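What follows is calculated from the coordinates using simple rules that are stated; it is not laboratory data. Quick caveat: nothing in here was measured; it's all calculated off a predicted structure. Because the Cβ atoms are built from the backbone with ideal geometry, glycine has one as well, and the counts that use them run over all protein chains shown.
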Amino acid sequence: MRRLVYSMAASLDGYIARRDGAIDWLPAPRPRQDYGYAKFLERIDELIIGRKTYEQLLTLGAWPYGTRKCHVLSRRWAGHRDLHAEFTAASPAALLRRLRKRPGRDIWLVGGGESAHACFAAGVVDEIIVTFIPVMLGEGRPLFLPQPGSTGLRLRDTRAFPDGRVRLHYAAMPRRRLRQASHDSSGNHHAQRAAASASRLE
């Protein structure tokens, strides 16, 4: 099954942009070091982007994603297309169901925070890759907005780079498995407490 991957760069204190959306704090890539970006792009052939993030990308110069198909979440421009993207008012769950019926590689949830929030709320995110930049912004647009519930994660990979960046790669646990894991953990906890109480009585 095609997987939806939320991959972002963030400050150490968890922001993806300044309050005004500026990303001037992101350092330029070092020569001969792309932090795994080229390898990541090899597994991606479609993108999901929020409207605000898409509009900001258009101001940053050449379009960075080549011919990959791009879906912009926007009620205002739903049904429109431009040179790089098509705009949709579909919910994240409905859009993912449609995309997963087609053959292809994995799908990159580019952001921003509001679009990521909608996808996490719908339970459709399969993986999270965050590259932390060694800077603290103090305030800004957060990597994650408050969620209605928990999302369990399983660590797949970590990598530290010489310039201080650290990349964390997690698989998201389906909600039903998370509830079962929580139930099992609770049962084990109660069993441990009961055993401890019994040992004190002895």
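Using 7 Å Cα-to-Cβ label points, what is the residue 41/residue 76 separation (nm, one decimal)?
According to this spin-label approximation, the distance is 2.9 nm.
In the chain, with Lys and Arg counted as +1 and Asp and Glu as -1 at Cβ, which of these residues, 133, 162, 56, has the Cα nearest the positive end of the dipole, that is, farthest along it?
56
In terms of Cα to Cα distance under 20 Å, which lysines are near enough to residue 52, apart from those fewer than 8 places away along the same chain?
Residue 52 reaches 69.
Place a point 7 Å from the Cα of residue 153 along the Cα-to-Cβ direction; which residues of segment 7-50 have their backbone N under 17 Å from it?
Answer for segment 7-50: 7-17.
Test of the criteria: in segment 79-130, which trypsin sites (Lys or Arg not before Pro) are in a DSSP loop and have at most 14 other Cβ atoms within 10 angstrom of their Cβ? Please report the intermediate quantities before stating the final value.
Details: sites: 81, 97, 98, 100, 101, 105; in loops: 101, 105.
Sparse-neighbourhood loop trypsin sites (Lys or Arg not before Pro): 101, 105.
Calculate the spin-label point distance for residue 163 paired with residue 101, positioning each point 7 Å from the Cα along the beta-carbon direction, and give it in nanometres.
4.3
How long is the gain from residue 34 to residue 136 if the chain were fully straight, where each residue apart is worth 0.36 nm and the alpha carbon distance is subtracted? Walk me through the numbers before you get to the answer.
Details: separation 102, 0.36 × 102 = 36.72 nm, distance 2.18 nm.
Contour length minus Cα-Cα distance gives 34.5 nm.
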